1. Condition first: out of contact with any helix residue (DSSP H, G or I) (no Cβ under 8 Å at 6 or more places or on another chain) and exposed (fewer than 15 other Cβ atoms within 10 Å of the Cβ). Now tell me which residues in segment 78-107 satisfy that.
2. May I ask you to verify whether residue 28 is at pLDDT 90 or above and in a helix (DSSP H, G or I)?
3. Can you tell me which of (1) over 16 Å from the mean Cα position of the chain (by Cα); (2) part of a helix (DSSP H, G or I); (3) touching a residue at least 40 places away in the same chain (Cβ under 8 Å) is the one residue 43 doesn't meet?
4. Within the bounds of segment 86-94, is there any residue that is part of a loop (DSSP other than H, G, I, E, B) and under 15 Å from residue 43 (Cβ atoms)?
5. Go through the residues of segment 47-61 one by one and say whether even a single one is modelled with pLDDT under 95, surrounded by 15 or more Cβ atoms within 10 Å (Cβ to Cβ) and not in a helix (DSSP H, G or I).
6. Tally the residues that are out of contact with any helix residue (DSSP H, G or I) (no Cβ under 7 Å at 6 or more places or on another chain) and on the phi < 0 side of the Ramachandran plot, restricting the search to segment 63-77.
């Protein structure tokens, strides 16, 4: 009976670890899509340069966010001083279609 109890306990630990990692992944995904609900961002129209909009549109259409750190640089060059926006673009991600920064820049709801 002790062997079965040990197997059950180890199985529970493995499940708990897997569940914890899944929760971390889902949390990161939700942050990418919704951002911080307690500090809604705003965009200064001066930031919406042709370069910023082209990068955002390319990422949105291609569903490829490899250029998001370059978007951060373009935003900063355009005068963006939003720590939330710049940190998000320079963060590890994940970044997916629906990313709150890209949607915000493209005027999507």
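The values are calculated or read from the model by the stated rules, or taken from the named source; none is laboratory data. Owing to the predicted nature of the structure, the values given are computational and were not obtained by experimental measurement. When we count neighbours, we look across all protein chains shown, and the Cβ atoms used for this are built from the backbone with ideal geometry, even at glycine.
1. Passing the criteria: 81, 83, 84, 87, 92, 107.
2. no
3. Here residue 43 meets the rest and fails (2).
4. Checked against the condition, which is being part of a loop (DSSP other than H, G, I, E, B) and under 15 Å from residue 43 (Cβ atoms), segment 86-94 yields no hits at all.
5. Within segment 47-61, not a single residue is modelled with pLDDT under 95, surrounded by 15 or more Cβ atoms within 10 Å (Cβ to Cβ) and not in a helix (DSSP H, G or I).
6. Adding up the residues that qualify gives 4.
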